[in-house]
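What follows is calculated from the coordinates using simple rules that are stated; it is not laboratory data. All figures in this text were calculated on a predicted structure; none of them were measured in a lab. Backbone-built Cβ (ideal geometry, glycine too); neighbour counts: all protein chains shown.
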Amino acid sequence: MRILISNDDGINSRGIYELAKAMKEVGDVYVVAPLTEQSAVGHAITMKIPLRVTEHYIDGEFFGYAVTGTPADCIKIGIKNVLQFKPDLVISGINHGSNTAINIIYSGTVSAAREAAIMDVPALAVSVTNHRATHFEYACLAAQELSKKVVESSLPTGTLLNINVPNLPKEEIKGTLFTKQGKSKWDDSYLERQDPYGNKYYWLTGSLMDVDDELTNDQCAIKNNYASVSPIHFDLTDHEAFEMMNNWNIDSLKSIK
């Protein structure tokens, strides 16, 4: 199995190092990841600035390729230019911090996997639910097992698996649940501050509006110490609304020119 690994925390993140080490037990691993942290950049791609790709070494040993771009950039250029072949699987992570509920929209980690899905490559996004994550064992084991299952059984075209694991020792995690994307979201605000010259600047902060209370939702699963696995798709169509709109009378719109 040929596995391309990326992330949004940057190529020096401990999470990507642990993931790459674990996945070498499953197949041939290729790392193409952002040179610097790209958290919450969503599915941004670089258009106006040239991308640079450099070899990256850890303790004198070649680790992978660092890209001066976004997670989605890394998947595009990784497949098209660095590897020059389509891998059997893409895994994005292991992210430091959860990517559940509405946060999925902002996540660079999920976007890297979604870009792979757009390119018709099976993909996983893997996160540990703490920005100072210290426990990666369960997440690595989940990535190993689910990667085999995805390649053997295949996913529907355009679908990826979004995996979130509590930041706990393996023995304290209750198990793994298949879940849906929850509806919890952040109530964002901006703290106003001043720089040393007296100029205003703003720092994003906020609190989680946690509304998910069923274990079938990703956010609820992880806060109850389960690992969560959600199938997600890049099709943003609201199919229920589409069917409803077919009953609308839009004769008045026909006269608009």
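List of remarks:
- Other residues with beta-carbon under 13 Å from the beta-carbon of residue 133 carry, at +1 per Lys or Arg and -1 per Asp or Glu, a net charge of -1.
- Here's the picture: a label point sits 7 Å out from the Cα of residue 151 along the beta-carbon direction, and within segment 32-52 the residues with their amide nitrogen under 17 Å of it are 32.
- Karplus-based coupling profile of segment 13-21, in residue order and whole Hz: 5, 5, x, 6, 5, 5, 5, 4, 4, with θ = phi - 60° in 6.51 cos²θ - 1.76 cosθ + 1.60 and x standing for Gly or Pro.
- Phi to ³J(HN,Hα) by Karplus 6.51 cos²θ - 1.76 cosθ + 1.60 over segment 193-207, Hz, x for Gly, Pro: 9, 10, 7, x, 9, x, 8, 6, 9, 10, 10, 5, 9, x, 9
- Placed amide H near residue 127: partners under 5 Å, 5+ positions off or other chain: 95, 163, 164, 165
- By the rule of a C-alpha distance below 29 Å, with chain neighbours fewer than 8 residues away ignored, the lysines paired with residue 174 are 21, 24, 148, 149, 183, 185, 223.
- Set of aspartates and glutamates near residue 48 by C-alpha distance (under 14 Å), chain-local residues within fewer than 8 positions excluded: 73
- If you plug the beta carbon distance of residue 102 and residue 1 into 1/(1 + (r/R0)^6) with R0 = 45 Å, you get a FRET efficiency near 0.85.
- Spin-label model, residue 48 to residue 187: label points 7 Å out along the Cα-to-beta-carbon direction sit 3.6 nm apart.
- Between segment 119-169 and segment 184-208, the alpha-carbon center distance in angstrom: 32
- Cross-link reach list, aspartates and glutamates versus residue 180, counting only Cα pairs under 13 Å and skipping chain neighbours closer than eight places: 212, 213, 214, 218
- Reported label for calculated Cα extents along the principal axes in Å given [x] 52, 45, 43; [y] 68, 59, 43; [z] 59, 41, 39: [y]
- Spin-label pair residue 180/residue 252, simplified geometry with 7 Å Cα→Cβ offset, distance in nm: 3.3
- Couplings 3J(HN,Hα) of segment 107-114, computed from phi: 5, x, 4, 5, 5, 4, 5, 5 Hz, in residue order, whole Hz [Karplus 6.51 cos²θ - 1.76 cosθ + 1.60, θ = phi - 60°; x for Gly and Pro].
- Calculated [θ] (222 nm, deg cm²/dmol) that DSSP helices of n ≥ 4 give over the chain, each run adding -39,500 (n - 2.57): -6500 deg cm²/dmol
- The shape of segment 141-199 comes out prolate: with a ≥ b ≥ c from the C-alpha gyration tensor, a/c is at least 1.5 and a/b beats b/c.
- Spin-label proximity, residue 225 to segment 158-184 - amide N less than 19 Å from point 7 Å beyond Cα toward beta carbon: 164-178
- Summarising the label geometry, the points placed 7 Å from Cα in the beta-carbon direction at residue 197 and residue 80 lie 3.9 nm from one another.
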